[in-house]
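I have placed the structure first, in the form of structure tokens, so that the comments after it can refer back to it.
The values are calculated or read from the model by the stated rules, or taken from the named source; none is laboratory data. Since the model is a prediction, treat every value here as computed from it, not as a measurement. Note that each Cβ is placed from the backbone with ideal geometry, even for glycine, and that neighbours are counted across all protein chains shown. Please note that ligands, DNA and RNA were not included when accessible areas were found on the heavy atoms of the full protein model with its side chains. Shrake-Rupley method; radii C 1.70, N 1.55, O 1.52, S 1.80 Å.
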Amino acid sequence: MTKLHRKELKQDEVRERVAEAVRSVKIHGREALYMVVIVLAVAGIAFAWYFYERNQQENAQNLLGQAMEKFNAPVAVQADPNLPKPAYNFLSETQKYTEARKDFENVYSKYGNTPAADMARYMAGICSFYLKDNTKAEQYLKQSSKTSDRNILYYQSRLALADLYSKSKRYDEAIKVLNEALNRPKPQVPLEYVLMQLAETYEKAGKNKEARDTYQKIANDYKDSPISFQAQQKLTQVQ
């Protein structure tokens, strides 16, 4: 083989390798472009979803605020010309709680996956309780009680349910939900008040031993709490 021929072969090999490298760059470059497009698309969706969620939460909070204004509005009160006029002034408690409940129901029906909706379910239950609509009160409060125990509504819903059950003489169910709250203690939850409600429920149910034991626990474990004195008084009354 001549030197010239060998030289041509080497040149062909070099050209082939260069062409192969170029093809590889094109292929990988195209893949990289596709990846960039996908990343940008995902980022765009996430960005749009963030603003959508924020907008949903703002709207839910605004509607919840309107419902709370109705819930806290005065009833049959003549406006004082020296004070700002209240946004709402109802003729009766029934009218007030009926109108407020409609707004709370509107919050969770429109914005069901927001923190405002969790509060709205609880407040709809409270409105129903005041309206003596026990079926709806139980329904809404049970829904509200399904929140995580990281949410204060976990405890508030159970206390309200216990009150509802107790007034309906469903004492065993009241005791059950109060014990659920006590079994998941949190620093922000004043357990002595939950214990007091439990002791009173035991007493109403005729379970005097359990009532005394619970009053005694409050008196022993919460000596610095104002409710400790009430527990001590109760101990002298329960046989």
Inset, instruction - Within segment 115-135, track down each residue that is among the β-branched types (Val, Ile, Thr) and surrounded by fewer than 21 Cβ atoms within 10 Å (Cβ to Cβ). - result: Thr135
Inset, instruction - Quick one: count up the residues across segment 179-212 that are open to solvent by 80 Å² or more (accessible area, probe 1.4 Å) and either in contact (Cβ under 8 Å) with a residue 24 or more places away in the chain or assigned to a helix (DSSP H, G or I) (or both). - result: 6
Inset, instruction - May I ask you to verify whether Ser157 is out of contact with any Phe, Trp or Tyr (no Cβ under 9 Å at 6 or more places or on another chain), assigned to a helix (DSSP H, G or I) and hydroxyl-bearing (Ser, Thr, Tyr)? - result: no
Inset, instruction - Please work out if Asp149 is of a type in the set (D, E, K, R) and assigned to a loop (DSSP other than H, G, I, E, B). - result: yes
Inset, instruction - May I ask you to list the residues in segment 168-178 that are open to solvent by 20 Å² or more (accessible area, probe 1.4 Å), touching a helix residue (DSSP H, G or I) at 6+ places or on another chain (Cβ under 8 Å) and part of a helix (DSSP H, G or I)? - result: Tyr171, Glu173
Inset, instruction - Within segment 59-73, track down each residue that is more than 16 Å from the chain's Cα centre (by Cα), more than 21 Å from Thr94 (Cα to Cα) and in contact (Cβ under 8 Å) with a residue 12 or more places away in the chain. - result: Asn59
Legend entry - Sole residue being charged (D, E, K, R), loosely packed, with under 15 Cβ neighbours inside 10 Å and either outside any strand (DSSP E or B) or at pLDDT below 85 (or both), chosen from Glu138, Glu105, Glu99, Glu58: Glu58
